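Everything below concerns the one structure shown next.
The values are calculated or read from the model by the stated rules, or taken from the named source; none is laboratory data. Computed from a prediction, not measured in an experiment: that's the story for all the values here. Here the Cβ positions follow ideal geometry from the backbone for every residue, glycine too, while neighbour counts run over all protein chains shown. Protein only, heavy atoms only, side chains kept; ligands, DNA and RNA dropped before computing areas. Shrake-Rupley method; radii C 1.70, N 1.55, O 1.52, S 1.80 Å.
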Amino acid sequence: MTLMRAISQDTFGGPEVLRPVQVERPEPLPTEVLVRVVSAGVNPVDVKTRTGAGMAGVLGEPPFVLGWDVSGVVEEVGFGVHTLHVGDEVYGMPWFPRQAGAYAEYVTAPSRQFARKPRSLGHDQAAAVPLAALTAWQSLVDAAEVRAGQRVLVHAAAGGVGHLAVQMAKHLGAYVIGTARAGKHDWLRGLGADELVDYTATRFEDAVRDVDVVIDLVGDEHDTTSTRSLGTLRPGGLLVAVPSGVSPELTREAENRGLRARPFLVEPDGAALTRIAELIDAGKVSIEVEEVFPLERAADAHERIATGRTQGKLVLRVAP
Ligand SMILES: NC(=O)c1ccc[n+]([C@@H]2O[C@H](COP(=O)([O-])OP(=O)(O)OC[C@H]3O[C@@H](n4cnc5c(N)ncnc54)[C@H](OP(=O)(O)O)[C@@H]3O)[C@@H](O)[C@H]2O)c1
């Protein structure tokens, strides 16, 4: 049995439950690859899962190894893998919402849930991309079918998903409005936002009108951002409620106003990651990494992301 370093937890709880362990290195089944993880992205769903909220029901009781975002190098390929080879540099969000175990030195997963990482990015930056970028891409392209000329409102535009959604909506030809604190407006304008609302000073529903699509990355759980967003939509407009889904009350309220409200869950998608890598390498989309923590400081990264104030992404460096 070959062992590897990982971060695991024995109980649900605060960041202090995360601890370094040695676990068995996985082996690839047919159609899977073994990837040596260089860097792993950190996402709010990691924190929710650590505490027992969010996707915890899917992972079951601890112990488990968190993390879905991987950037690394193919170490072994299983029988039947045609498109990847040993030594390829790849990135991906494998297995979501099942356990991927990216906070570890190796992961195995179906080869087609990975793609070649953007050539212009190092592993720390590439690990920041998959979950956030797939969320932005699938919500804009697959859920909302955003077209050129439409008006798109992105809530939490400065966060991991939001800053990518701003750039992708712009790339699709939309007029992009974002909500963020004033200190982040210049940066977001540089990423292509046409209009910004400081949600701490202005009620966004008083300032924004005639929107075709709202990509809501805040939700109704802590404030009423989803419900209040209905007031920004034009007739027939669509709210994509990313974090907290759509309650029966919200569905009713939307229908009464002649609007649509849809929940959203990101899916593994190697083909979309290939497209996203092309956009990154072409300079159409850039990734902001606020800080890279060594794997052993996963708890510090969790404390930071739980503040809800991160600009862009946080990453764990797994390889020494
Ligand atoms: N359903 C899915 O498949 C899925 C996929 C990905 C993410 N999510 C969820 O979507 C949410 C966003 O994810 P993320 O990775 O982008 O989070 P994140 O990076 O932690 O977002 C942080 C950003 O949120 C902004 N923010 C906080 N409260 C805000 C508010 N009321 N209005 C506007 N901006 C606000 C902050 O900006 P300021 O400093 O300007 O306040 C900060 O830049 C999380 O709840 C996550 O769990 C769901």
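Here is how the numbers come out for the structure above:
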item	result
Some residue of the stretch 218-232 being among the aliphatic types (A, V, I, L, M) and touching a strand residue (DSSP E or B) at 6+ places or on another chain (Cβ under 6 Å)	no
Which listed residue, of Gly237, Gly258, is within 24 Å of Ala148 (Cα to Cα) and open to solvent by 10 Å² or more (accessible area, probe 1.4 Å)	Gly258
Residue among Gly160, Gly173 that is open to solvent by 20 Å² or more (accessible area, probe 1.4 Å) and not hydrophobic (A, V, I, L, M, F, W, C)	Gly173
Residue match in the stretch 277-297 (condition: of a type in the set (Gly, Ala, Ser), within 16 Å of the ligand (Cβ to nearest atom) and open to solvent by less than 50 Å² (accessible area, probe 1.4 Å))	no
Single residue of Val146, Val152, Val166 found to be more than 22 Å from Val90 (Cβ to Cβ), β-branched (Val, Ile, Thr) and assigned to a loop (DSSP other than H, G, I, E, B)	Val146
Strands (runs of 3 or more DSSP E) contained in the stretch 39-141 and holding at least 3 residues open to solvent by less than 40 Å² (accessible area, probe 1.4 Å)	69-77, 89-92, 106-110
Helices (runs of 4 or more DSSP H) (entirely within the stretch 184-273) containing at least 1 residues that are out of contact with any Asp or Glu (no Cβ under 9 Å at 6 or more places or on another chain), at pLDDT 95 or above and outside the structural domain of Glu290 (by the TED database)	185-190, 204-207, 248-256
Among (1) more than 10 Å from the ligand (Cβ to nearest atom); (2) under 25 Å from Val315 (Cβ atoms), the one test that Val176 misses	(2)
Residue satisfying condition, being out of contact with any Pro (no Cβ under 6 Å at 6 or more places or on another chain) and within 13 Å of the ligand (Cβ to nearest atom), within set Val37, Val42	Val42
